[in-house]
Amino acid sequence: MKLIRALGSVGGLTLVSRILALVRDSLAARYVGAGFASDAFNGVAFRLPNMFRALFAEGAFSAAFIPLFNKKAAGEGGLPAGYDFAQRALAVLLPVLILFTLALIAAAWPITWALSGGFSRQNPTPDQFAFAVTLSRITIPYLALISIASLLGGILNSLDKFWVNAAAPILLNVAMISGLWFFHGADEYETARVQAISVTVGGALQLLWLIWACRRAGVSLKLQRPRLDKDVRELLRLIVPAAAGAGAQQVNLLVSTALSGWLLASGSITYIYYADRLNQLPLGLIGIGLGTILLPTISRMLSKGEDEAAMETQNRGIELALFLTLPATIAFLTVAEPIVRGLFQYGRFTAEDAMRCGWALSAFSIGLPAYVLVKVLTPGYYARGDTRTPVRYAMLSILINIIGNAALIPTLGHIGPPLATALASTVNVTMLYRTLVKRGHFAADAGLRRRLPRLALAALIMGGALIAGASLFDPWLSGAMVQRYIALAILVGAGVTLYGLACFVTGAYRLSDIKALMRRRGTTITQ
């Protein structure tokens with residue numbers, strides 16, 4: 001299994017997408033700031049598309065669809081049988097999505113109220129709340145577009161064309177950047193409306209891209225009359241619990257957003273949103289990339305009876321996830337405020353906004369390893385057809401998040417929701433790990449046990465150096481936009497270099513490991 005090479009392809013394109021997302025968010029902070037308009041867009045209108053992307057494009061649909069598609073394709077009928085199954089699934093999915101979209105548009109008012117807590121603390125005027133509802137109605141069609149795109153992306157992932165699906169989110173960010181740059185309005189409300197329109201335009205571009213890519217790959221699905229046959233019923237049986245399991249973090253964020261809108265002052269939702277976007281950068285690059293690759297790979301191995309190879313693959317996945325995640329966690333804990341200042345403190349986004357957003361980012365980052373490991377561990381369940389166990393644990397983590405929000409918001413304000421989310425995710429991943437071990441589906445091998453404490457020490461060494469040197473970048477991080485980006489690039493580059501050197505100093509990796517990795521051209525890492 002060419003895990004590192006595949007992750008490099010997916011991760012590289014995801015990196016491009018996430019960098020564009022940072023540019024998009026920087027422009028949004030500049031033109032919209034942190035107030036009611038930004039809270040309405042970030043907390044509700046854009047939260048819905050983000051949630052459904054995580055549930056379907058990066059979660060539930062893929063978790064249920066890919067193993068079934070691979071099972072069909074590996075049978076006597078080969079790939080044509082897999083394509084036939086996908087066509088039957090699309091026939092049922094499409095009318096359901098159309099009806100669901102229309103229902104959401106009709107119910108936009110109560111949905112907006114539920115997701116925002118009615119913005120009670122902000123005490124909006126009727127016109128302001130109507131504006132928030134309008135933004136939601138504009139972005140809701142994205143849900144159907146991204147759900148259909150996820151089916152096509154699942155087929156391409158099963159064909160090992162991971163890069164095509166990974167490139168699709170770039171189009172969403174290009175659409176939103178174009179809207180902000182060329183069509184931003186005279187005030188924050190006009191610009192927020194432009195943001196909402198560009199979300200749906202971006203969803204249409206993503207779907208068209210995947211349709212074109214499927215045709216290039218020889219995959220052409222035709223519309224037919226929907227039938228709930230045995231295979232489609234099995235897909236639906238798996239997708240509902242998978243949605244609950246994959247969406248635990250998104251539900252946690254929705255709960256946090258609703259409580260923030262209800263209990264916290266104007267701008268708090270925006271602080272949490274921007275902090276979450278930065279926290280999502282390593283999650284998108286590492287966790288989602290690895291999860292995308294591991295699910296079809298492990299399901300193929302298990303279908304061939306290669307249980308040991310599947311366990312080896314998951315060991316290397318965990319090792320790679322923590323190798324890349326631990327330094328990001330320490331960086332967000334130690335230099336969160338300078339990072340936020342360099343990216344967002346411009347125009348309508350003030351120094352106080354940057355400071356408060358930095359606090360939220362540090363709180364989120366405590367759970368970053370857990371967020372990533374959930375994406376790495378759940379394929380161990382989904383590949384075996386078990387979508388129920390992750391659901392039970394996800395439901396418990398949601399309950400913990402609600403209790404944590406209720407306890408922490410009165411004392412910590414807008415830092416409470418990120419901290420509660422981090423705690424809930426940590427409990428979730430602990431239960432997932434322990435159950436896999438108990439069932440004999442996972443055991444940490446010698447290489448993983450040897451490297452993890454050394455990787456943690458290397459990340460701490462890097463963090464100490466960042467604390468000592470961050471003040472040198474302060475003048476640059478308050479300058480012009482190009483200056484800020486250069487300073488951030490140097491700061492990140494220095495941190496990466498220090499972490500790499502610390503990995504060798506602590507013995508986390510040896511020169512022989514790198515040589516073996518180069519010989520294998522990215523297949524596995526030696527123990």
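The values are calculated or read from the model by the stated rules, or taken from the named source; none is laboratory data. From a predicted model like this one, the values you see are computed outputs, not experimental measurements. Ideal geometry is used to build each Cβ from the backbone, glycine not excepted, and the neighbour counts take in all protein chains shown.
List of remarks:
- Restricting the first member to the stretch 500-511 and to residues that are touching a residue at least 24 places away in the same chain (Cβ under 8 Å), and the second to residues that are among the β-branched types (Val, Ile, Thr) and in a helix (DSSP H, G or I), the beta-carbon pairs closer than 9 Å and six or more apart or on different chains are Ala502/Ile461; Val505/Ile461; Thr506/Ile461.
- Among (1) within 27 Å of the chain's Cα centre (by Cα); (2) in contact (Cβ under 8 Å) with a residue 12 or more places away in the chain, the one test that Phe129 misses: (1)
- Of residues in the stretch 71-89 being within 28 Å of the chain's Cα centre (by Cα) and surrounded by fewer than 19 Cβ atoms within 10 Å (Cβ to Cβ), the one modelled with the lowest pLDDT: Lys71
- Verdict on Val92 being under 28 Å from Ser38 (Cβ atoms) and in a helix (DSSP H, G or I): no
- Taken over the stretch 176-234, the criterion of being β-branched (Val, Ile, Thr) and either in a helix (DSSP H, G or I) or exposed (fewer than 14 other Cβ atoms within 10 Å of the Cβ) (or both) is satisfied by Ile177, Thr191, Val194, Ile197, Val199, Thr200, Val201, Ile211, Val232.
- Only helices (runs of 4 or more DSSP H) whose full extent lies in the stretch 465-527 are considered here, and the ones with at least 3 residues that are surrounded by fewer than 17 Cβ atoms within 10 Å (Cβ to Cβ) and either under 28 Å from the mean Cα position of the chain (by Cα) or modelled with pLDDT of 80 or more (or both) are 481-505.
- Of all residues in the stretch 8-27, those that are more than 18 Å from Ser178 (Cβ to Cβ) have Cβ atoms under 6 Å from Cβ atoms of residues that are modelled with pLDDT under 85 and surrounded by fewer than 18 Cβ atoms within 10 Å (Cβ to Cβ), 6 or more apart or on another chain, in Ser9/Trp163; Leu13/Trp163.
- Residue within the stretch 389-403 that is touching a His at 6+ places or on another chain (Cβ under 9 Å) and among the small types (Gly, Ala, Ser) present: no
- Applying the condition of being assigned to a helix (DSSP H, G or I), in contact (Cβ under 8 Å) with a residue 40 or more places away in the chain and touching a helix residue (DSSP H, G or I) at 6+ places or on another chain (Cβ under 9 Å) to the stretch 431-449 and asking which residue is surrounded by the most Cβ atoms within 10 Å (Cβ to Cβ) yields Leu432.
- Among the criteria (1) buried (at least 16 other Cβ atoms within 10 Å of the Cβ); (2) at positive phi, the one Ile155 does not fulfil is (2).
- Elements of type helices (runs of 4 or more DSSP H) in the stretch 329-413, at least 3 residues being farther than 30 Å from Ile461 by Cβ: 351-365, 379-382, 388-412
- Where Ala103 falls short, out of the listed (1) buried (at least 17 other Cβ atoms within 10 Å of the Cβ); (2) without any contact (Cβ under 8 Å) to a residue 60 or more places away in the chain; (3) over 19 Å from Tyr189 (Cβ atoms): (1)
- Against the numbered list (1) among the β-branched types (Val, Ile, Thr); (2) surrounded by fewer than 24 Cβ atoms within 10 Å (Cβ to Cβ); (3) modelled with pLDDT of 90 or more, Ile140 comes up short only at (2).
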